[in-house]
4 protein chains.
Amino acid sequence: MSRRLRLGMVGGGRGAFIGGVHRIAARIDGQWDLVAGALSSDPQRAAQSAVDLGIDPARSYADFTDMARAEAARPDGVDAVAIVTPNHMHVAPAIAFLQAGIHVICDKPLAASMDEARQLETVAAGSGKLFVLTHNYTGYPLVRQAREMVARGDLGTIRSVHVEYAQDWLAEPAGADNKQADWRTDPARAGGGAIGDIGTHALNLACYVTGEAPTHLAAELSSFVPGRRVDDDAQVMLRYASGARGTLWASQVAVGNENALRLRVYGDKGGLEWAQESPNEMRFSRFGETRRIMTRGGAGATPAGSRNLRVPAGHPEGYLEAFATIYAEAAALIRAHDAGAPAPEGAHVPGIADGMLGMRFIAACLNSAARDAGWVEI
Amino acid sequence: MSRRLRLGMVGGGRGAFIGGVHRIAARIDGQWDLVAGALSSDPQRAAQSAVDLGIDPARSYADFTDMARAEAARPDGVDAVAIVTPNHMHVAPAIAFLQAGIHVICDKPLAASMDEARQLETVAAGSGKLFVLTHNYTGYPLVRQAREMVARGDLGTIRSVHVEYAQDWLAEPAGADNKQADWRTDPARAGGGAIGDIGTHALNLACYVTGEAPTHLAAELSSFVPGRRVDDDAQVMLRYASGARGTLWASQVAVGNENALRLRVYGDKGGLEWAQESPNEMRFSRFGETRRIMTRGGAGATPAGSRNLRVPAGHPEGYLEAFATIYAEAAALIRAHDAGAPAPEGAHVPGIADGMLGMRFIAACLNSAARDAGWVEI
Amino acid sequence: MSRRLRLGMVGGGRGAFIGGVHRIAARIDGQWDLVAGALSSDPQRAAQSAVDLGIDPARSYADFTDMARAEAARPDGVDAVAIVTPNHMHVAPAIAFLQAGIHVICDKPLAASMDEARQLETVAAGSGKLFVLTHNYTGYPLVRQAREMVARGDLGTIRSVHVEYAQDWLAEPAGADNKQADWRTDPARAGGGAIGDIGTHALNLACYVTGEAPTHLAAELSSFVPGRRVDDDAQVMLRYASGARGTLWASQVAVGNENALRLRVYGDKGGLEWAQESPNEMRFSRFGETRRIMTRGGAGATPAGSRNLRVPAGHPEGYLEAFATIYAEAAALIRAHDAGAPAPEGAHVPGIADGMLGMRFIAACLNSAARDAGWVEI
Amino acid sequence: MSRRLRLGMVGGGRGAFIGGVHRIAARIDGQWDLVAGALSSDPQRAAQSAVDLGIDPARSYADFTDMARAEAARPDGVDAVAIVTPNHMHVAPAIAFLQAGIHVICDKPLAASMDEARQLETVAAGSGKLFVLTHNYTGYPLVRQAREMVARGDLGTIRSVHVEYAQDWLAEPAGADNKQADWRTDPARAGGGAIGDIGTHALNLACYVTGEAPTHLAAELSSFVPGRRVDDDAQVMLRYASGARGTLWASQVAVGNENALRLRVYGDKGGLEWAQESPNEMRFSRFGETRRIMTRGGAGATPAGSRNLRVPAGHPEGYLEAFATIYAEAAALIRAHDAGAPAPEGAHVPGIADGMLGMRFIAACLNSAARDAGWVEI
């Protein structure tokens, strides 16, 4: 195969959330190696985080500007950099790396203000480099299939689009100790509350699937939690260029919802509904016909819906993570075993005894079946 | 961090299914590097597959015996080997590597016959090495939580256990071109049909969660598809040592089911239900109380249910795979871009335009809100 | 028991829909006898319909004014009248009967215009008689329970209310032969399209459950079907007196939806979700706790949620209708049998053979159990 | 219309459960009038119950034998009798009425012993009268549709049938005050526990839908609750005449289940799944095609599935009961009003105010729409 690509990272040091997600995502398909980083604005945390991640200390930078310059100069410099800093810290490093001739993979939203977003847009346009925004929900196979189905006319002319993203983790005033809540509820650093943090995801999903361009909106923003300085609930009515109408609801105070991202699209020929909480199924209906439940990679899968499958049709999302846990636990046990240390508490892997039970089960089944399904000992 | 562990693989060459799954699983948490392999019994395919996977040709072996010997002799030899061959080819390599002093991670079932399984059991017991059987379904966070809840008495004394694994991919005679179906329906190589392929998974799940040991069974095996030489449907009644009763149903001809693995456990205090098709939710009921829906890592998560989370509570399984798709597509586009080649057909990543739309959306929302939710242009 | 009440009906003759629903509803609890009617504005159809319904011809009226006068004069006159005419024909008969001193049970919406609605309001206020509007969705046990839970503070202070009623039966231009669609899409007779026909139900449900009073709204009405003269889709943003915010979506062109009436209410302490398509379950969450699924009359049922149960907890809605079908089929067969006529095609009731099979099943189970679950003939 | 049929009832007096269900079921379609009864073996309770139900005291009998004789002698005697006594009291009255020339509608199971069941079978065969057994679950429209779909070959040759009926109301020892549990757990009166009470329903459903005849079974019966004298959990393996295989699980101790009656049928062409807890939907899959969700009376409805609808397609089961509650509450309020008594506590009906709000809502929507969806007061 061609060599793995070299990835650098800005942000994502100890205590961060989304950086770890980017790293796992980059590993899954074996296309990337994380080799450099400016992992924190705090030099010591940056260095420690690099050690945690097995990054050569020589390629751990205290400053993203130095990193862009240095990596651009190395023959084995990073092919791309992942920017996983808080919203208000996206633009500066993105510009630095694009100008250094390095591809950029940036977390969303693009920026904390319209002005700096425009600067970035200009730089990106002139850089000749790729700029990737991680609107990750567009990566679900059924979301890609939905887009293709709309594009080829399965729904006919789109009439209405309803998208919502409901959470409840900010339903109460966040403690000062909640790093995530902290910057997300600071207007200066977040550049918007629920609308910026999850509303942009919802809009992106709606536009990605329908191919529609919104032209006007009317938004009712609320800050329900006393003392909250950004919106924690947003109701939006949307008008699209095609004449389609729609709604968008984003809330971080809808008690009982975790990450309820849900899309419903209706056209004059059909309608479809998909929800992240059950990502392996999509409801599709043609007018006058019975509802269909399309499954990830299952019957009726389109090319786009089949492009990014890692396991055959029918194996649900999550299957790989469960499998990975066996490997992670095995690693933990092997490390302990080889070090003569006791097994880590809570670590578990199935072993020979489980295998023997399975074998006895098979033998007993065959034995019982041979005896007209009579009782046999296992 | 401590060094990554070195992984070898037996089987899993071009055209194989489960080998690729093992490789992804090994990559997700960044604990392993695949550095050696005897990837196929066909020497040429073995070599080509090694190239595909970026394995040093010097460590690509045509024979697992040579591999075991050679890797055991290297200072940088593999820490463990993953055996992903068809069922009847598990035991020989497992024994070879254990005897060579190398940890083994083996796909299930353990073997194709009871006799060779016993040999392996003996060797494993004396080897002082770890033997891990990849009963991967025990890796789901909610499955681990279920086990802990039963163990601590949340359900009281277990009365009945109902487990089932229903598929339909073998509902019709499999074509000769179906490599998977081919060996799975050959008694000699599979050592059992539905009972061996998925029934053992179902039993393992039931025993893992309940901690119960089955003592007797009565099994009704059927081969519904004309010409099928192994069972494609199995109904089993089980008796457990504790006095609990249960059923197990495994079918590969239940039309409309993909990988419907489902467990239901009832005790004198409570009951729980979990299904792989919706792995992020588990229904738990205490007698006389309202049903509860426990979510992966959500409220009420136990230590075991929280041990292997890769993202915070509420992010569903599949989130990481969707995210990985963005990275995979970015890699594909970057490779093409840097090679001056056209973008691969179907490749898609969100970009600057999506980001600008998001920014305009936020600005428009704030603008509209400031005007009493009046209409504004986006 | 006290005597059954005497019911009259205006509208609901042959070919009508909602009249039949009112009649079944009036029969279920055995509180009413239908004894009089002005069932159609067409005298002949009115008379024929009366015969269909077993109404004494002397009490079948061609005109609701005559009916009101005559029934008021009879010692055994109707206690109440059910008005089930198209929307624009509600007010005149309602006023006539109220002024005649007869209680009124009227279908919704109240009227086809605000002016006549106000007249009715005045008359009703001065009549000293009961005026009942059949917003039937408030009759679901879990809806009544939801209202009580909100009232007693289970959700805390209400923040947002999302209600929707989605159908698709008007997704295409309705044929002239569709009597229902005909008047419902005529502005003069319907007084509004989706907003009047189903939007009012949705609003009523939201207000009934939350006890909130809406003060302002912003509505985006669409007529997506070419040639449609009333709205067939409505997006509404609502502001409530308490400061709560909400949305209402009513559509008759959302392909794939039949009668998808759904309510979601979120407060600072909890949230609840109910959908008519699954009326026996209500999702209730307290912040920070696991989701609960409350069932109709089940654990946690409140007094209001238990007040109108006809069968014990756990028997789903629909159970009674299925049971009624057995009685209806029995009647059909008995009528045929006693008339020496052949059984009506398609009629089916379980009989003695089914009962004998059940008995043999029980005996066989006991027999098998007595033989260690061995096989026995049934 | 032809006259209503006259119904008599044996059993079903004060404190009974199923009798009330039969009465509601008989009322729903307006085909029956309850005019006579031997409602209890306790003469006083029989008389009081008759008064409760508005039965002419002259036709309230202390003994079912007298009732059969007297009703048979009356020119206006009952057309049929409903027998709703405990299981061990079905046969004697059934025989008495059949011999008196009166049709019988009997609750299930047929009898408490095989011997008396055979007597009844003989009498019924010679009586020339109809004997109807109320296996009410066969009355669900989708159950009738399922039967028709299997019969016409939509599923191909049936391979396996899985039916289950899970409850939890007997999960703990029943108090002596529980009249229902009392006789149901007495072997003499019940003639079997879970298998007789709900297992027979499950078997009937499986046979009704598939048209299959079971020939052999192997049953594992358990009495999990200490001191229970009948089975409270039954696992059964079944063999059908056609070669199909199946399982049946009936439990009254499966914590978290209320009336979970569920059927799954798989053939070589397709499979279908239906559960009483969601009676308006049925999952149907053809091999290799996307799953379909068929709805009660919706697209794809068969003649049998459309025969017994009381409301148009899409109105869920339960809609009529919710509607009936409005009528029941109206009756309660009217009775109080006309008696000058205070309204019964908890009684609620929507009224003029709700109607006015609806009208203001419609007007406001039209007004807002006319002003480009601007905010307007309601």
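General remarks:
- Residue in the stretch D:63-78 that is within 12 Å of chain C (Cβ to nearest Cβ) and either without any contact (Cβ under 8 Å) to a residue 24 or more places away in the chain or under 21 Å from the mean Cα position of the chain (by Cα) (or both) present: no
- Of residues in the stretch C:9-23 being open to solvent by 10 Å² or more (accessible area, probe 1.4 Å) and either facing chain D (nearest Cβ under 7 Å) or part of a helix (DSSP H, G or I) (or both), the one nearest to residue D:27 (Cα to Cα): C:23
- Test: residue in the stretch A:157-172 that is open to solvent by 30 Å² or more (accessible area, probe 1.4 Å), more than 8 Å from chain B (Cβ to nearest Cβ) and in a helix (DSSP H, G or I): no
- Taking first residues from the stretch D:202-228 that are closer than 15 Å to residue C:362 by Cβ and partners that are of a type in the set (Gly, Ala, Ser) and open to solvent by 10 Å² or more (accessible area, probe 1.4 Å), the Cβ contacts under 6 Å between residues at least 6 apart in sequence or on separate chains come to D:219/C:369; D:221/C:369.
- The lone exception for residue D:109 - which of (1) over 16 Å from residue D:128 (Cβ atoms); (2) at pLDDT 95 or above; (3) of a type outside the set (D, E, K, R) it fails: (2)
- Some residue of the stretch D:320-330 being open to solvent by less than 10 Å² (accessible area, probe 1.4 Å) and in contact (Cβ under 8 Å) with a residue 60 or more places away in the chain: yes
- Against the test of being open to solvent by 20 Å² or more (accessible area, probe 1.4 Å) and touching a Lys or Arg at 6+ places or on another chain (Cβ under 9 Å), the options D:59, D:27, D:69 yield a single qualifying residue, D:27.
- When the stretch D:87-98 is filtered for residues that are open to solvent by 10 Å² or more (accessible area, probe 1.4 Å) and either small (Gly, Ala, Ser) or more than 19 Å from residue C:361 (Cα to Cα) (or both), the ones remaining, listed by number, are D:89, D:92, D:95, D:96.
- Single residue of D:263, D:309, D:272 found to be away from chain C (no Cβ under 13 Å) and under 14 Å from residue D:140 (Cα atoms): D:263
- Subset of the stretch D:79-104 that is in contact (Cβ under 8 Å) with a residue 40 or more places away in the chain and part of a loop (DSSP other than H, G, I, E, B) - its residue that is nearest to the chain's Cα centre (by Cα): D:84
- The lone criterion from (1) among the aliphatic types (A, V, I, L, M); (2) crowded, with 24+ Cβ neighbours inside 10 Å; (3) closer than 30 Å to residue B:146 by Cβ; (4) at pLDDT below 85 left unmet by residue B:349 is number (3).
Yes or no, residue by residue, for (1) farther than 28 Å from residue C:317 by Cα; (2) modelled with pLDDT under 95:
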| position | (1), (2) |
| --- | --- |
| D:37 | no, no |
| D:41 | yes, yes |
| D:60 | yes, no |
| D:64 | yes, no |
| D:75 | yes, no |
| D:93 | yes, no |
| D:103 | yes, yes |
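- In the stretch B:332-346, residue least open to solvent (accessible area, probe 1.4 Å) [restricted to those that are within 22 Å of residue A:143 (Cβ to Cβ) and without any contact (Cβ under 8 Å) to a residue 12 or more places away in the chain]: B:346
- Residue selection: residue C:350 satisfies the criterion of being over 30 Å from residue B:300 (Cα atoms) and in contact (Cβ under 8 Å) with a residue 12 or more places away in the chain.
- Among the criteria (1) surrounded by fewer than 20 Cβ atoms within 10 Å (Cβ to Cβ); (2) within 14 Å of chain A (Cβ to nearest Cβ); (3) in contact with a strand residue (DSSP E or B) (Cβ under 9 Å, 6 or more places away or on another chain), the one residue B:101 does not fulfil is (3).
- Number of positions in the stretch B:30-52 that are out of contact with any helix residue (DSSP H, G or I) (no Cβ under 7 Å at 6 or more places or on another chain) and buried (at least 20 other Cβ atoms within 10 Å of the Cβ): 2
- Any hit, the stretch C:214-230, residues being under 22 Å from residue C:277 (Cβ atoms) and either within 12 Å of chain D (Cβ to nearest Cβ) or at pLDDT 90 or above (or both): no
- Within the stretch C:191-201, the residues that satisfy the criterion of being buried (at least 24 other Cβ atoms within 10 Å of the Cβ) and assigned to a helix (DSSP H, G or I) are C:194, C:195, C:196, C:197, C:199, C:200.
To keep it simple, each residue is scored yes or no on (1) of a type in the set (Phe, Trp, Tyr); (2) within 28 Å of residue B:317 (Cβ to Cβ); (3) part of a loop (DSSP other than H, G, I, E, B); (4) within 13 Å of chain B (Cβ to nearest Cβ).
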{"site": "A:7", "(1), (2), (3), (4)": "no, yes, no, yes"}
{"site": "A:25", "(1), (2), (3), (4)": "no, yes, no, yes"}
{"site": "A:47", "(1), (2), (3), (4)": "no, no, no, no"}
{"site": "A:50", "(1), (2), (3), (4)": "no, no, no, yes"}
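- Of the candidates A:239, A:292, the single residue that is at pLDDT 95 or above and touching a His at 6+ places or on another chain (Cβ under 6 Å) is A:239.
- Subset of the stretch B:319-371 [of a type outside the set (A, V, I, L, M), assigned to a helix (DSSP H, G or I) and under 22 Å from residue A:7 (Cα atoms)]: B:319, B:321, B:323, B:325, B:327, B:329, B:335, B:337, B:338, B:355
- The residue list D:316, D:279 contains one member that is facing chain C (nearest Cβ under 7 Å), in a loop (DSSP other than H, G, I, E, B) and modelled with pLDDT under 90, which is D:316.
- Tally, over the stretch B:290-305, of residues that are facing chain A (nearest Cβ under 10 Å) and open to solvent by 20 Å² or more (accessible area, probe 1.4 Å): 4
- When B:68, B:46 are checked against the criterion of being over 21 Å from residue A:28 (Cβ atoms) and in contact with a Ser or Thr (Cβ under 7 Å, 6 or more places away or on another chain), B:46 stands alone in meeting it.
- Within the set B:79, B:115, the sole residue that is buried (at least 19 other Cβ atoms within 10 Å of the Cβ) and either closer than 30 Å to residue B:265 by Cα or not aliphatic (A, V, I, L, M) (or both) turns out to be B:79.
- Taking the conditions (1) closer than 24 Å to residue B:326 by Cβ; (2) out of contact with any Ser or Thr (no Cβ under 8 Å at 6 or more places or on another chain); (3) in contact (Cβ under 8 Å) with a residue 12 or more places away in the chain in turn, residue A:360 satisfies each one other than (1).
- Answer residue from the stretch A:352-378, given it is of a type in the set (A, V, I, L, M, F, W, C) and more than 8 Å from chain B (Cβ to nearest Cβ) and is least open to solvent (accessible area, probe 1.4 Å) among those: A:353
- Meets criteria (among the aromatic types (Phe, Trp, Tyr) and crowded, with 23+ Cβ neighbours inside 10 Å) for residue D:208: no
The values are calculated or read from the model by the stated rules, or taken from the named source; none is laboratory data. Owing to the predicted nature of the structure, the values given are computational and were not obtained by experimental measurement. Backbone-built Cβ (ideal geometry, glycine too); neighbour counts: all protein chains shown. With ligands, DNA and RNA removed, areas are computed over all heavy atoms of the protein, side chains included. Shrake-Rupley method; radii C 1.70, N 1.55, O 1.52, S 1.80 Å.
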